[in-house]
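Data first, discussion second: the structure below is written as structure tokens.
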Amino acid sequence: MKTKKRTKSADLAEIITKVVGHERPLYLHEPEFGELDKKLVLDCIETGWVSSTGRYVEEFEKKICEFTGANYAVVVTNGTSALHLSLIEAGAGPQDEILCPAVTFVATANAISYVGATPHFIDSSLSTLGIDPSALDAYLETIAETKDGVTFNKHSGKKIRFIMPVHVFGHPVDMDMLVDVSNKHNLSIIEDASEGLGSFHNGIHVGLFGRSGVLSFNGNKILTTGGGGAIITDSIKIAERLKHLSTTAKVNSGYEFIHDEVGYNYRLPNLNAALGCAQIEHLPSALKRKRKLANKYKQEFDKHADFRFIEEPENCKSNFWLNAIFCENANHAEVIQIINDLEQYGIFCRPIWKLMPKLKMYSFSPKAPLIKAESIERTLISLPSSAKLGD
Ligand SMILES: *Cc1c(COP(=O)(O)O)cnc(C)c1O
């Protein structure tokens with residue numbers, strides 16, 4: 001008698017259905033809007049305060065501080081401009097090679113390029129999906145040297161003064177260890193916490209471990225303002241300079257247009273900030289439902305040897321922005337096949353980003369051995385993760 005061999009695609013579709021039910025299509029991450037969102041956006045339109053001034057901008061910054069515990073927040077047009085400004089504020093430039101993971105969204109590396117610096121790609125951890133601090137330490141021991149308290153790449157002669165950890169899918173990097181390794185090698189930390197709103201490491205919100213930290217409010221993130229971003233920091237000096245840079249570096253000079261350096265038009269419009277003020281009210285509920293969804297996924301995936309669910313790292317609270325699995329022992333072609341197969345059922349899954357050095361503009365950038373990063377790229381599948389699926 002013939003028995004039909006079950007495919008991994010069919011297994012995965014069955015698991016997802018068990019967890020979230022039969023609703024289709026299932027997108028990766030859908031935004032949620034309620035009455036308050038409409039009311040506050042409408043208020044901007046009715047009062048005419050839609051653009052670069054208005055009460056919602058400062059109110060949103062205050063709410064971000066309350067939620068994250070940051071002393072200061074500066075809201076800007078998107079996460080990418082937030083990364084760009086953070087690097088300008090830190091003084092990064094063409095003399096710098098800036099460490100960042102090969103496993104990230106392209107914006108991290110692009111922001112490094114905007115200031116004329118070179119991204120230097122490092123490996124990741126299979127348990128956090130982010131930088132592995134001990135592997136980083138070992139790598140720097142082989143390629144770096146210190147002169148007068150500044151770390152240099154022995155081979156290129158460039159300065160290595162900054163590191164940009166990324167909290168991939170909202171799972172915090174092991175920041176305690178990373179802070180230690182960074183101190184040891186004279187590195188200043190700028191966190192790309194774009195995916196990490198609502199994630200904590202040892203009770204501290206991500207983005208608050210270094211000089212500054214970036215959040216994104218793009219449409220696919222856990223909180224959206226349409227487009228938007230923020231930089232959080234505990235330093236008033238850094239916050240004031242970021243705000244100055246984001247508002248064309250205009251000096252407070254009455255009616256005169258006086259700008260004291262090359263500034264940027266990166267301030268978040270009031271219209272978007274109004275949406276942010278409403279969205280942040282639903283954030284605790286979204287986080288609760290996303291955690292519920294993640295627990296259900298974990299329970300089901302634990303029964304299947306082919307798939308390994310990516311769990312919350314130790315001592316951390318993840319926001320579970322995107323749930324994901326490793327498709328154990330699969331090659332990348334198989335992963336892409338599974339994703340294509342699931343699309344036929346109306347289930348939209350995705351692979352993770354191509355490793356940065358595989359993109360042509362970063363193919364000549366310096367990089368560490370990327371063994372774990374390669375494995376993450378090859379076998380990861382991200383799953384439908386909208387908060388409403390946790391209901
Ligand atoms: C979303 C995201 C960004 C950029 O955010 P935008 O608001 O889209 O510019 C940067 N880095 C990572 C890791 C992201 O996920």
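The values are calculated or read from the model by the stated rules, or taken from the named source; none is laboratory data. This structure is a prediction, so every number in the text was calculated from the model and none was measured. With ideal geometry, Cβ positions are generated from the backbone for all residues, glycine too; neighbour counts draw on all protein chains shown. Accessible surface areas use protein heavy atoms only, side chains included; no ligands, DNA or RNA. Shrake-Rupley method; radii C 1.70, N 1.55, O 1.52, S 1.80 Å.
Looking at the chain, what % of its DSSP beta bridges pair antiparallel, to the nearest 5? Write down the numbers at each step before the final one.
On the way: 31 of 47 bridges.
Roughly 65 percent of the DSSP beta bridges within the chain come out antiparallel.
Label the stretch 163-241 by shape, choosing from rounded, prolate and oblate, from the square roots a ≥ b ≥ c of the eigenvalues of the Cα gyration tensor; if a/c is under 1.5 it is rounded, and otherwise prolate applies when a/b is larger than b/c, oblate when it is not. List each step's numbers first, then the result.
Numbers: a/c = 2.20, a/b = 1.40, b/c = 1.57.
Oblate shape, in that a/c is at least 1.5 and b/c is the bigger or equal ratio.
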Residue 134 to residue 344: FRET efficiency via 1/(1 + (r/R0)^6), r the Cβ-Cβ distance, R0 51 Å, to the nearest 0.05?
0.75
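Just want to confirm a number: the relative contact order over the stretch 185-243, from Cα pairs under 8 angstrom separated by 6+ residues, in percent. Before the final figure, lay out each step's value.
Values: 98 pairs, mean separation 16.4, N = 59.
It comes to 28 percent, rounded to a whole number.
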Evaluate the distance, in nm, between pseudo-label points positioned 7 Å from the Cα of residue 177 and of residue 235 along their respective Cα→Cβ axes.
2.7 nm
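For residue 299 and residue 371, what does the FRET efficiency come to when R0 = 35 Å and r is the distance between their Cβ atoms, rounded to the nearest 0.05?
About 0.70, to the nearest 0.05.
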With just the Cα atoms defining each centre, how far is the stretch 84-144 from the stretch 147-168? Give it in Å.
8 Å
Please tell me which of these pairs span more than 27 angstrom C-alpha to C-alpha: 147/367; 154/221; 63/288; 296/317; 63/388; 303/388?
154/221
Given a Förster radius of 25 Å and the C-beta distance between residue 58 and residue 252 as r, what FRET efficiency does 1/(1 + (r/R0)^6) yield to the nearest 0.05?
0.95
Going 7 Å from the Cα of residue 65 along its beta-carbon direction, which residues of the stretch 74-111 have the amide nitrogen within less than 13 Å of the resulting point?
74-75
Accessible area per residue in Å² at 1.4 Å probe, computed on the stretch 127-245:
34 Å²
Taking Cα pairs under 8 Å and at least six residues apart, what relative contact order does the stretch 336-391 come out at, in percent?
39 percent
Between residue 6 and residue 42, how many nm apart are label points set 7 Å from Cα along the C-beta direction?
5.0 nm
Per residue, in Å², the accessible surface of the stretch 250-391 once ligands and nucleic acids are set aside, probe 1.4 Å:
51 Å²
How many angstrom lie between the Cα centre of the stretch 222-260 and the Cα centre of the stretch 297-352?
39 Å
Ignoring ligands, DNA and RNA, please state the percent of accessible area on the chain from carbon and sulfur, probe 1.4 Å.
53 percent
Please report the net charge: other residues with Cβ closer than 14 Å to the Cβ of residue 263, K and R +1, D and E -1.
0
